[in-house]
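K.L.:
For reference, the structure I am asking about is given below.
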Amino acid sequence: MYLTQHTDYGLRVLIYTAINDDSLVNISTIADTYGISKSHLMKVVTALVKGGFLTSVRGKGGGLKLAMTADKINIGAVIRHLEPMQLVECMGNNNDCLITPSCRLAGILGGAIKSFFNYLDGFTLEDLLNKPTYDLLYFPKIDILPEHESVETMPSPLSENLDHVPEKVAQSNAIRIDTVN
């Protein structure tokens, strides 16, 4: 199973928007930051606005902002909205498979998808925000991740002065990794 590029970009847009707190961000800036096609990103943003995850402010000085706080945006809900979870033909509306009436594959895959979303439902956009991500978005040219270091241990170019970093980002220095027993 994999997530489409559309969903990947959607999550990146939400992360970027959340890190910018209440400031309006524009699609061109997000596209340039991530090196993503602006036209593709516009489709992603349209879906996020329709899903109620982003608010779009039109006109001069307009842009995008989160429609709710990051702790209210559930990752499972975002992916459900953006991702078609039809892993095989028999899970969709255009099913012409001969063995569907006796096949157990759709049920087994459906159970896997349910487990997948049960796990993702335990996380919000706020769980994805951390200081290293902020640093990488705003200081991409600085070599802050030597080969021998991980994201959890990398130094921060902002470690001395956090005045301009949103408080919720500055307080989160490590990536949250949970395991399922």
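Readers should treat all values here as calculations from the given coordinates under stated rules, not as data from a laboratory. Remember, predicted model here, so these are calculated numbers, not experimental data. Here the Cβ is made from the backbone with ideal geometry for all residues, glycine too, and neighbour counts use every protein chain on show.
K.L.:
Under the rule of at least 5 residues apart or a separate chain, name every residue whose amide H is placed under 5 Å from the amide H of residue 124.
P.N.:
HN-HN under 5 Å from residue 124: 75.
K.L.:
Modelling each spin label as a point 7 Å along the Cα-to-Cβ direction, I'd like the residue 43/residue 6 distance in nm, to one decimal.
P.N.:
It works out to 0.7 nm between the two label points.
K.L.:
For segment 64-78, what does the Karplus curve 6.51 cos²θ - 1.76 cosθ + 1.60, with θ = phi - 60°, yield as ³J(HN,Hα) per residue in whole Hz, taken in order and with x for Gly and Pro?
P.N.:
So the Karplus estimates, Gly and Pro as x, are 10, 8, 5, 7, 8, 5, 4, 6, 9, 8, 7, 4, x, 5, 4 Hz.
K.L.:
Still on this structure: Order the peptides 7-20, 62-75, 105-118 from the highest to the lowest mean number of other Cβ atoms within 10 Å of their residues.
P.N.:
Highest mean packing first, the order is 7-20, 62-75, 105-118.
K.L.:
Quick one: which residues, 5 or more positions from residue 53 or on another chain, have an amide H under 5 Å from its amide H? H modelled 1.01 Å from N in the peptide plane, none for Pro or chain starts.
P.N.:
Answer set, sorted by chain and number: none.
K.L.:
Right, here's the next one. Would you please state the base-10 log of I(q)/I(0) at q = 0.13, 0.17 1/Å for segment 1-127, with intensities from the Debye formula using one equal scatterer on every alpha carbon?
P.N.:
Each listed q maps to, in turn, -0.60, -0.88.
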